[in-house]
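A short write-up of the structure that comes next.
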Amino acid sequence: MTIAQMNKEEAREFIEAIRWPDGPICPHCGENGAYTLKPKEGSKRPVRPGVYKCKECRKQLTVTVGTIFEGSRIPLNKWIMAIYLMCASKKGISAHQLHRQLGITYKSAWFMCHRIRYAMTQPPLVDKLAGIVEVDETYIGGKKRGGKRGRGSENKTLVVAIVERGGELRAQKMNRLSSKNLKGFIRKNVSQGAQVVTDEFQSP
Ligand SMILES: [Zn+2]
């Protein structure tokens, strides 16, 4: 079966298998060992497939709680296809293309695009800083007061920080501020497309 042939139940089982390789994990309390709900004796209301109940906290859960699919009425097989199309296309794919290819409303397509793009910027997919990234060096500590400031300071610890504008910060102690040290630190923590802004150094 290919991704395109999945129905929404198969898509749900597919996501469950990826997210819960050892069975359901409760998003409310973190416990393992939720069980499938069974309809009450004599009840005519069918139980929605994919709904589990946590044996610890007794809350109900589905595999989509805490994911980008949560609270969406768009069938999961459309989500999976949208993710597939967006990842497979080198140039990226527009909401309009998704709308036509998946036979969903433009509004749904736009919503999916938005959430999937967001997910693509989050760990574990991305763990490097992106966008506009500023590099700053700071000297901290040091025994003597009123000593030299700046790069040549003695007894001070050099800390280089990389800050993503509006985002995360990474900092590292360095023995010496060299272009080589700095470039290594940036390469490890900053994604290739980022715009690196430094006070004193040219971006590598
Ligand atoms: Zn629980």
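The values are calculated or read from the model by the stated rules, or taken from the named source; none is laboratory data. No experiment lies behind these values; they were computed from the predicted model shown. Please note: Cβ atoms are built from the backbone with ideal geometry, for glycine as well, and neighbour counts cover all protein chains shown. Keep in mind that these areas ignore ligands, DNA and RNA; they rest on the heavy atoms of the full protein, side chains included. Shrake-Rupley method; radii C 1.70, N 1.55, O 1.52, S 1.80 Å.
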Fill in the blank from the handout: Looking only at lysines whose Cα falls under 21 Å of LYS55's and that sit 8 or more positions away or on another chain, we get LYS38, LYS40
Handout entry: Accessible-area composition of the chain, carbon plus sulfur, in percent [1.4 Å probe]
Key = 50 percent
Practice task
Just tell me the longest site-free run in the chain, where the sites are GluC sites (Glu not before Pro) in a DSSP loop having at most 10 other beta-carbon atoms within 10 Å.
Solution key: 42-153
Exercise for the section: With 26 Å as the limit, write out which pairs from LYS78/LYS128; LYS90/LYS173; LYS156/LYS183; LYS8/LYS53; LYS91/LYS128; LYS8/LYS107 have Cα-Cα distances beyond it, or answer none. Expected result: LYS78/LYS128; LYS90/LYS173
Problem - Computed [θ] at 222 nm, helices only, for the chain once each DSSP H run of length n ≥ 4 contributes -39500 (n - 2.57) - result: -9000 deg cm²/dmol
Practice task
Could you please put TYR35, TYR84, TYR52 in sequence from largest to smallest accessible area, using a 1.4 Å probe?
Solution key: TYR84, TYR35, TYR52
Exercise for the section: Could you check which residue among LEU76, LEU102, LEU158 shows the biggest mean-square fluctuation in a GNM of the chain with a 10 Å Cα cutoff? Expected result: LEU158
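Grab the beta carbon distance between LYS183 and GLU10, set R0 = 35 Å, and tell me the FRET efficiency rounded to 0.05.
Efficiency for this residue pair is about 0.15.
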Exercise for the section: Kindly provide the pair-distance distribution of the chain built from C-alpha pairs, with 5 Å bins from 0 and whole-percent values in order of increasing distance. Expected result: 1, 6, 11, 12, 11, 10, 10, 9, 8, 7, 6, 4, 3, 1, 1, 0, 0
Handout entry: Relative contact order for the chain, counting Cα pairs under 8 Å that sit 6 or more residues apart, in percent
Key = 14 percent
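Taking R0 as 22 Å, what FRET efficiency do you get between HIS28 and TYR118 from their Cβ-Cβ distance, rounded to the nearest 0.05?
It comes to 0.45.
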Problem - Table column - 3J(HN,Hα) (Hz), segment 129-138, Karplus curve with 6.51, -1.76, 1.60, x for Gly and Pro - result: 6, 9, x, 9, 10, 9, 10, 10, 10, 9
Fill in the blank from the handout: accessible surface per residue for segment 21-115, probe 1.4 Å, DNA/RNA/ligands not counted, whole Å² -> 68 Å²
Handout entry: Sites GLN172 and VAL51 - FRET efficiency at Förster radius 41 Å, r taken between beta-carbons, to 0.05
Key = 0.35
Exercise for the section: Quick one: which residues, 5+ away or cross-chain, put their amide H under 5 Å from the amide H of ALA171? H built at 1.01 Å from N. Expected result: ILE162
Practice task
Compute the Cα gyration tensor for segment 1-80, then decide on rounded, prolate or oblate, letting a ≥ b ≥ c be the square roots of its eigenvalues: rounded whenever a/c is under 1.5, prolate when a/b is larger than b/c in the other cases, and oblate in all that remain.
Solution key: oblate
